[in-house]
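Asks: Below you will find the structure I want to go over with you.
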Amino acid sequence: MKILIVDDERAIRYSLKEILEMEGYAVETAENGLEGLEKAQKEKYDAIFCDIKMPQMDGTEMLSKVMEEGIETPVVMVSGHADISTAVDCIKRGAFDFIEKPLDLNRILITLKNATDKASLVKETKILKKKIYGREMVGESQPIGHLKDMIQKVAPTQASVLITGPNGSGKELVAQSIYQLSPRSMMPFVEVNCAAIPSELIDSELFGHKKGSFTSAIKDHKGKFEQADGGTIFLDEIGDMSLAAQAKVLRVLQERKLTPVGGDKEITVDVRVIAATNKDLKEEISKGNFREDLYHRLSVIVLKVPALDERKEDIPLLIEHFSKQISSESGKPVREFEPAAMTLLKERSWPGNIRELRNVVERLLILGGSPVTAQDVKDYAF
């Protein structure tokens, strides 16, 4: 395991380095926050010990930069001049722990073990989430390339995002990609299909309810916003939400507070909102079906997912991807598509977008030959 020690005192750097090397760790050092940040940006460390008072860039500034850039290494802050408020501030900024000087060997080793254990747990969790949310955005066309670039820029921020595009185009996948690349990726990702919840239940689903607040409320229920606290909530089909529910969502976005149905106490929540719709919300506003103030809250960033007919050059890549995916799920060998079959699939229109294409590929793999021919496409695809 590799450790980075950032301290302007030479004696501290080398005594701590010597101790950790005797314990079997590989250790590198930096004499100020600026040098430490540069090393953390270039190298992967299992833990960083960082002093607070240093020239050029102090430890709290370095910690903030590490957090902002999404560097996942646990940072342990070290100081001989700090008080409780400083320690609390460091933890709020994202530090794993805080140790006072003079350094105690046992405390150092225990903290280091806990930090590296946490790092391993984070890594395992990311692997599991990749399995759950592991669908990749396939394509090399200009529209999809632009969308990927936008996701990379938007994901690290806290901005609300509105995803637009036709049904079946992959809006949910875009939302999951933003979440995975965001600083909130270790916190919950809660999906809500606004069109699927009856209007009389939307308040309870989104904001929760207290026991006895209505006939079937036999116990307290935590709503979707509270479930997503610290993480991300994805409001799919937001254009189908009732005006009454829209007003309450707007309040949560403005005040970061909600009140469960039947409750008398406000609950504070910290949630990033990603919304999606296949409707033209500006048109819905003009019809009186959608609140303009909510639209402006949600549309800090607007991402348009292109229809499949706008990116037909991606169809061969998508077919190859789906073929491998479906074959892996079924445990059968991957089958090829003849060029003529691929041409027919590229030439047709896809009103159902990516979802329709995947269904057609699965149908052809079940009913077609090996390889899948143009005649298979004519017989089974349309």
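Read-outs: derived from the displayed coordinates by stated rules, not from any lab. The model shown is predicted, which means the values in this text are computed figures rather than measured ones. In this analysis, Cβ positions are derived from the backbone assuming ideal geometry, glycine residues included, and neighbour counts consider all displayed protein chains.
Asks: Please work out the Cα center distance from region 215-245 to region 134-170, rounded to the nearest Å.
Replies: 24 Å
Asks: Which far-off residues, 5 or more places away or on another chain, put their amide H under 5 Å from the one on V261, with H placed in the peptide plane?
Replies: Placed amide hydrogens put G208, H209, K210 under 5 Å from V261.
Asks: Another one. Assuming R0 = 45 Å, what is the FRET efficiency of E283 and E43, from their Cβ-Cβ distance, to the nearest 0.05?
Replies: With R0 = 45 Å, the Cβ-Cβ based efficiency is 0.30.
Asks: When the chain is treated as a GNM, springs tying every alpha-carbon pair under 10 Å, which of L318, L294, L16 comes out with the largest mean-square fluctuation?
Replies: Checking each option, the largest mean-square fluctuation is seen for L16.
Asks: Which whole-Hz couplings ³J(HN,Hα) result when phi for each residue of region 192-201 is put into the Karplus expression 6.51 cos²θ - 1.76 cosθ + 1.60, θ = phi - 60°, listed in order with x for Gly and Pro?
Replies: 10, 8, 4, 6, 8, 9, x, 4, 6, 10
Asks: Excluding same-chain residues fewer than 8 positions from K53, which lysines have a Cα within less than 28 Å of its Cα?
Replies: Answer for K53, where 28 Å is the Cα cut-off: K2, K17, K39, K42, K44, K65, K92, K101, K113, K118, listed by chain and number.
Asks: Let me ask something else. Using the Karplus equation 6.51 cos²θ - 1.76 cosθ + 1.60 (θ = phi - 60°), what ³J(HN,Hα) coupling, rounded to whole Hz, does each residue of region 159-173 give in order, writing x for Gly and Pro?
Replies: Coupling constants for region 159-173: 5, 5, 10, 10, 9, 10, x, x, 4, x, 8, x, 5, 5, 5 Hz.
Asks: Skipping prolines and chain starts, which residues have an amide H placed within reach, meaning under 5 Å, of the one on V27, given they are 5 or more residues away or on another chain?
Replies: The answer is I3.
Asks: Sticking with this one: Over the chain, with a Gaussian network built from C-alpha contacts below 10 Å, which listed residue (P339, P316, P74) shows the highest mean-square fluctuation?
Replies: P339
Asks: Across the Cα atoms of region 142-306, what radius of gyration and what greatest pairwise Cα-Cα distance (Dmax) are found, in Å?
Replies: 15.8, 54
Asks: State the extension gain, in nm to one decimal, for the chain segment bounded by I366 and S141, taking 0.36 nm per residue of separation less the distance between their alpha-carbons. Please report the intermediate quantities before stating the final value.
Replies: Working: separation 225, 0.36 × 225 = 81.00 nm, distance 2.86 nm.
Working it through step by step, the gained length comes to 78.1 nm.
Asks: If you don't mind, there's one more thing I want to ask. Of the listed values (i) 1.07; (ii) 1.10; (iii) 0.99, identify the label whose number matches Rg/Rh (Cα atoms, Kirkwood Rh) calculated from this model.
Replies: (i)
Asks: Pick from E329, E31, E205 the residue whose mean-square fluctuation is largest in a GNM of the chain, springs joining Cα atoms under 10 Å.
Replies: Fluctuation is largest for E329.
Asks: Mind giving me the FRET efficiency for H296 and S328? R0 is 51 Å, r the Cβ-Cβ distance, nearest 0.05 is fine.
Replies: Numbers: r = 44 Å, r/R0 = 0.86.
Using R0 = 51 Å, I get an efficiency of 0.70.
Asks: Amide H to amide H, which residues 5 or more places from V78 or on other chains are under 5 Å from it, using H placed in the peptide plane?
Replies: The list, which skips near neighbours in sequence, is C50, D51, I52, I99.
Asks: For the pair Y14 and K222, how long in nm is the line joining their label points, each one 7 Å along Cα→Cβ?
Replies: About 5.2 nm, to one decimal.
Asks: Want the number for E347 to M1: 0.36 nm per residue separation, take away the alpha-carbon distance, what's left? Can you show the working numbers first?
Replies: Values: separation 346, 0.36 × 346 = 124.56 nm, distance 5.40 nm.
Taking 0.36 nm per residue and subtracting the Cα distance, the gain is 119.2 nm.
Asks: Then there's this: What order do you get for 159-169, 263-273 when each peptide is scored by the mean count of other beta carbon atoms within 10 Å, highest first? Provide the component values of the computation, followed by the final result.
Replies: Values: 159-169: 20.2, 263-273: 15.2.
Peptide ranking by packing, descending: 159-169, 263-273.
Asks: Turning to a different aspect of this structure: Applying the Karplus parametrisation 6.51 cos²θ - 1.76 cosθ + 1.60 with θ = phi - 60° to the phi angles of region 43-48, what ³J(HN,Hα) value in whole Hz is obtained for each residue in order, glycine and proline being reported as x?
Replies: Once rounded to whole Hz, the list reads 10, 9, 10, 7, 6, 10.
Asks: Using Cα-Cα distances under 8 Å and only pairs 6 or more residues apart, what relative contact order does region 142-306 have, in percent?
Replies: Numbers: 304 pairs, mean separation 56.2, N = 165.
The value is 34 percent.
Asks: Still on this structure, I have one more. Just need the relative contact order of the chain here, percent rounded to a whole number, with Cα pairs under 8 Å and 6+ apart. Intermediate values should be presented prior to the final figure.
Replies: On the way: 618 pairs, mean separation 50.0, N = 382.
Worked out over the chain, it gives 13 percent.
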